[in-house]
Every structure is written in C-alpha cells, then in structure tokens.
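K.L.:
Supplied in structure tokens, the structure appears directly below.
The values are calculated or read from the model by the stated rules, or taken from the named source; none is laboratory data. Bear in mind the structure is a predicted one, so any value in this text is a computation, not a measurement. Quick reminder, even Gly has a Cβ in these numbers, built from the backbone with ideal geometry, and neighbours come from all protein chains shown.
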Amino acid sequence: MVDPQLRIGGLISMILLYLLAAYVAVGIAVAVAFVTVGVAQVQPMPVTVGARILLLPGAFVLWPLVAVAPGSPPRALAGSGLGGRTRIRVGARSATAACSGRTAGHRGATAMSVGFRAVQWNRDKLVYDGLLLAALALYVTVFLIVVPRLEPPKDVLGEIDLRIRAFGSATFLMLTAILAIGPLTRLDRRFLPLLYNRRHFGVLIFCVALTHVWFMIDWYLVQHALPNLGTELTTWADYGKFIGFPFKVLGITALLILFVMAATSHDFWLSFLTPAVWKALHMGLYVAYGLVVMHVSLGAMQFNHTPFIPLMLMGGLATVSVLHVLAARRERVIDQGTAVGSDGWLLVGAPQSIPDKGARIVAVPGGERIAVFRDGTRIGALTNLCAHQNGPIGEGRIIDGCVTCPWHGFQYRLEDGCAPAPFTEKLATYRVRLRGGAVEVDPRPLPPGTAAAIDC
C-alpha cells in the first residue's frame with residue numbers, strides 16, 4: 001500500500017507544474033494587453049553596479065513583460081527567403097518611414113542609456129512560441145504514456161522518476177536543437193527563421209530544466225530524505241571517482257548557467273553588457289551542454305540500462321559536432337580572404353557581380369569581413385557585424401532603402417552605416433572606388449557613421 005503522503009507530494013508537484021504553465025500564459029496575456037493599450041515604455045532602470053547585480057534575477061522574472069521584440073516583418077523581407085525581421089521597436093518609426101526620412105510620432109523622446117520597453121507580440125512571435133510549447137507538450141505527453149507501458153512504475157517514486165526522465169530528456173533534446181540552429185543557418189538560409197525567437201527557446205529550456213530539478217527534489221521530499229541530497233553533494237571523497245561521481249552537481253551547475261542566460265536574454269542586457277560581452281556570456285550554452293552530457297552519462301545511463309539514453313547522447317553529440325564542422329568549413333573559405341592589391345585595396349569585382357539589394361562579402365586574409373552592398377547604381381561597404389548581436393549583415397538585403405540584418409531585422413543606411421532615427425547604432429564603413437570597371441574596397445575601416453558610398 002502506497003503511503004498517502006507520497007501521493008500528496010506527487011499531486012503537489014503536478015499542481016506546481018500547472019501553475020508554471022499558467023504563469024507563462026498569464027505573462028503572454030498581460031504583455032499583449034500592454035501593447036493593446038499602447039504602453040510604449042516604462043521607467044528607465046538604474047545603472048549603478050549594485051543595481052545591475054540586483055536586477056539580474058529580477059530580469060528573468062520580468063522577462064515576459066519587458067523583452068524587446070521585433071515588429072511584424074515587411075513583405076519584402078518575408079519573401080526574400082532570409083527569414084529576417086524588420087526591427088520596429090515600440091514608439092519607433094516604421095522601416096519605410098525611417099529610411100525615407102518621413103516622420104512618425106516617436107514616443108519616449110527622453111534620452112537614456114538603456115531602458116526596459118513593453119514587449120510587442122506579433123503573429124510570427126506567437127507562432128514560434130506556440131510551436132515550441134506544442135512540441136514540448138507532445139514529447140512529454142508521449143513519454144509519460146509510452147514509457148510506463150514498457151516499464152510500469154512500482155510506486156509513486158517510480159512515477160516521479162518518470163517525470164524526472166521526461167523533462168530531463170526533453171532538456172537535452174532541446175539543447176541539441178538550439179545548438180544546431182546556428183550552423184544550420186550558416187549552411188542554408190532557409191533555416192534563418194529559427195533564429196528569430198531563439199532567445200525564447202533558451203528561456204523555455206531553462207523552465208524545462210528547472211521542472212526536471214523540481215521533480216528530482218520532490219523525489220527526495222516524498223521520502224523525507226532531502227538531507228541526503230546535501231550529503232551526496234558534500235561527500236568530497238566521491239569527487240575523485242568516475243563511477244560514483246556526484247553527477248547532480250553537474251546538472252545544478254548547468255541549470256545555473258541556463259538561468260544566467262535566460263535572465264540576460266533580452267535587449268536590456270545586450271545594451272548593458274555590449275554585444276561582444278553578451279555574446280561571450282551566452283557561449284556558456286556550450287558549457288551547459290557539456291555538463292548535461294556528463295550529468296546524464298554519470299547518472300541516468302548508469303542506472304537505466306535502456307538503449308534510448310546512449311542513442312540520445314551519441315546522436316545529439318554527433319549531430320551538433322557534424323553541423324559545426326560543416327559550417328566551420330564553409331566559413332573558412334570566406335576567411336581565407338581576398339588578394340590585396342599593390343596599394344592595399346581589395347578587388348570585389350564588376351558592379352553587376354554584386355547582387356542588387358544584396359552584398360558580396362570580402363575579407364583581408366585573417367582579417368575583418370566586409371559586406372559590399374549594391375542598391376541599383378549605389379555601392380557602399382559596411383562591416384559584416386551587426387551592432388545588435390554581431391549577426392552577418394552581409395547575408396541580409398536592402399529593404400525600404402536600408403541594409404537589413406537577416407537575424408533580427410536591425411537596419412542601417414547604406415550611405416553611412418547609421419541606423420535610421422530614432423535609433424543611434426552605427427556601423428564602421430569602408431571607402432570604395434570604381435577602377436578599371438571593377439569595384440575595390442579599402443580594408444581600413446572608417447569611423448562608424450562615416451559617409452563612404454559611391455554611385456557607379
């Protein structure tokens with residue numbers, strides 16, 4: 001006979017899971033309401049060092065309401081096959097008006113360094129998030145239906161263990177998928193839409209991992225053995241073993257990394273930390289993935305002798321590794337660079353060799369990549385790094401008169417690399433010239449925002 005307290009513990013854990021799902025749903029509803037009533041911007045956040053530290057956990061809690069989201073994509077970009085989105089922040093001009101110089105009422109004119117803005121949910125965003133949640137719900141449901149038929153749980157502890165395995169395996173598969181998105185987009189532009197809301201994907205992974213950890217704690221709670229978890233983590237002699245290593249500490253460390261990434265996932269922290277620091281911080285996803293692989297290898301794989309776990313680990317690792325190797329080989333060809341002329345200028349080619357509304361990417365051997373764009377008879381060169389997340393600006397297109405990044409739709413004028421008002425981002429530009437019927441570019445960058453485009 002199963003102790004009623006055990007069943008009560010399992011019931012409480014499921015209630016908490018449903019409350020988490022309700023929290024996400026309410027967060028989406030409130031965010032939509034904020035946009036509906038026209039909330040453009042909340043108070044700027046303090047910028048002291050202490051405030052930054054204190055805001056880190058709060059940023060994650062507030063994430064559903066304060067994440068900066070792109071607006072609806074223009075047809076030109078949606079139909080280009082690049083999967084990017086034009087950046088239309090709350091209170092900003094539309095892309096067409098901003099690049100053409102026409103005014104559109106700009107709210108929140110007060111200057112500030114960084115600030116939270118109301119989220120702007122659009123159809124693409126809702127579809128992306130809806131598909132993620134639907135895929136997760138389908139996987140967990142199928143797991144909890146099929147696995148008990150193959151391995152019937154003997155008691156409530158067995159039922160909790162099923163939930164631990166369901167959300168644990170979902171976390172690993174989601175981590176594998178999100179790490180595959182980057183190289184896939186380098187290999188085929190048709191995967192670019194997957195980048196659009198990848199940060200939401202990362203936050204969802206943290207929520208799933210947190211649920212996995214909660215069920216693990218619940219497994220101890222229903223046995224009134226929570227102190228045993230502390231003993232496992234502080235038996236220092238076990239850290240010198242291979243089999244018997246306290247594998248739970250690896251999972252907890254991975255969870256903390258995922259928390260930091262989820263908490264800093266929106267543009268507030270991107271502006272705060274600068275794109276280079278933010279990008280380096282979020283490379284911690286690879287560390288978290290490695291920790292999860294070791295966590296599963298030293299834990300679940302030692303106690304559950306089913307072929308699913310090793311196949312899942314090997315398949316995931318192989319997929320991520322092969323995709324990254326293939327993408328690296330493709331990038332290596334570009335990084336080999338273009339031959340430098342006697343006067344130091346790089347040969348790009350005839351003007352018609354540059355696709356209209358598109359770019360050719362050239363690079364000094366071992367140096368910076370340069371995106372040379374052509375808009376009709378106008379040619380200009382910009383750094384290939386978007387100011388937002390260092391995205392490959394040269395793989396984007398010119399839309400509504402602006403160079404548009406394929407990742408999140410940030411836009412810049414071809415003439416001088418400046419973002420259209422009211423935005424203030426600037427890209428480094430490069431001098432270009434037409435010599436002997438061919439376009440050439442000076443690899444020495446000009447100060448960001450310097451006009452350098454020419455007519456040919």
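K.L.:
Val142 - would you say it is β-branched (Val, Ile, Thr) and touching a helix residue (DSSP H, G or I) at 6+ places or on another chain (Cβ under 8 Å)?
P.N.:
no
K.L.:
Taking the range 346-374 only, how many residues are assigned to a strand (DSSP E or B) and of a type in the set (Gly, Ala, Ser)?
P.N.:
Counting residues in the range 346-374 that are assigned to a strand (DSSP E or B) and of a type in the set (Gly, Ala, Ser) gives 5.
K.L.:
Follow-up. Considering only the range 376-400, state which residues are crowded, with 19+ Cβ neighbours inside 10 Å and either more than 23 Å from Ser271 (Cβ to Cβ) or assigned by TED's automatic domain parsing to the domain that holds Ser271 (or both).
P.N.:
Result: Ile379, Gly380, Ala381, Gly394, Glu395, Arg397, Ile398, Ile399.
K.L.:
Considering each residue of the range 250-305, count those that are in contact (Cβ under 8 Å) with a residue 24 or more places away in the chain, hydroxyl-bearing (Ser, Thr, Tyr) and assigned to a loop (DSSP other than H, G, I, E, B), and give that number.
P.N.:
Total meeting the criteria: 2.
K.L.:
How about the range 128-167: which of its residues are loosely packed, with under 13 Cβ neighbours inside 10 Å and aliphatic (A, V, I, L, M)?
P.N.:
Leu131, Ala134, Ala137, Leu138, Val142, Ile145, Val146, Leu150
K.L.:
Which members of the range 339-375 meet the condition of being under 18 Å from Gly437 (Cα atoms), surrounded by 13 or more Cβ atoms within 10 Å (Cβ to Cβ) and at pLDDT below 80?
P.N.:
Matches in the range 339-375: Val340 only.
K.L.:
For Gly409, indicate whether it is closer than 23 Å to Leu194 by Cα, touching a residue at least 24 places away in the same chain (Cβ under 8 Å) and in contact with a Gly (Cβ under 9 Å, 6 or more places away or on another chain).
P.N.:
yes
K.L.:
Which of the residues spanning the range 204-248 are under 30 Å from Leu132 (Cβ atoms), β-branched (Val, Ile, Thr) and buried (at least 16 other Cβ atoms within 10 Å of the Cβ)?
P.N.:
Selection gives Ile205, Val208, Thr211, Val213.
K.L.:
Follow-up. Does Gly380 count as part of a loop (DSSP other than H, G, I, E, B) and in contact (Cβ under 8 Å) with a residue 40 or more places away in the chain?
P.N.:
Against the criterion (part of a loop (DSSP other than H, G, I, E, B) and in contact (Cβ under 8 Å) with a residue 40 or more places away in the chain), Gly380 does not qualify.
K.L.:
Filtering the range 416-456 down to residues that are assigned to a loop (DSSP other than H, G, I, E, B) and among the hydroxyl-bearing types (Ser, Thr, Tyr), which residue is surrounded by the most Cβ atoms within 10 Å (Cβ to Cβ)?
P.N.:
Among residues in the range 416-456 that are assigned to a loop (DSSP other than H, G, I, E, B) and among the hydroxyl-bearing types (Ser, Thr, Tyr), the one surrounded by the most Cβ atoms within 10 Å (Cβ to Cβ) is Thr450.
K.L.:
Can we say Ile164 is modelled with pLDDT of 90 or more and in contact with a Phe, Trp or Tyr (Cβ under 6 Å, 6 or more places away or on another chain)?
P.N.:
In short, yes.
K.L.:
I've got another one for you. If Ala387 satisfies every condition in (1) in a loop (DSSP other than H, G, I, E, B); (2) modelled with pLDDT of 90 or more but one, which is the exception?
P.N.:
The failed condition is (2).
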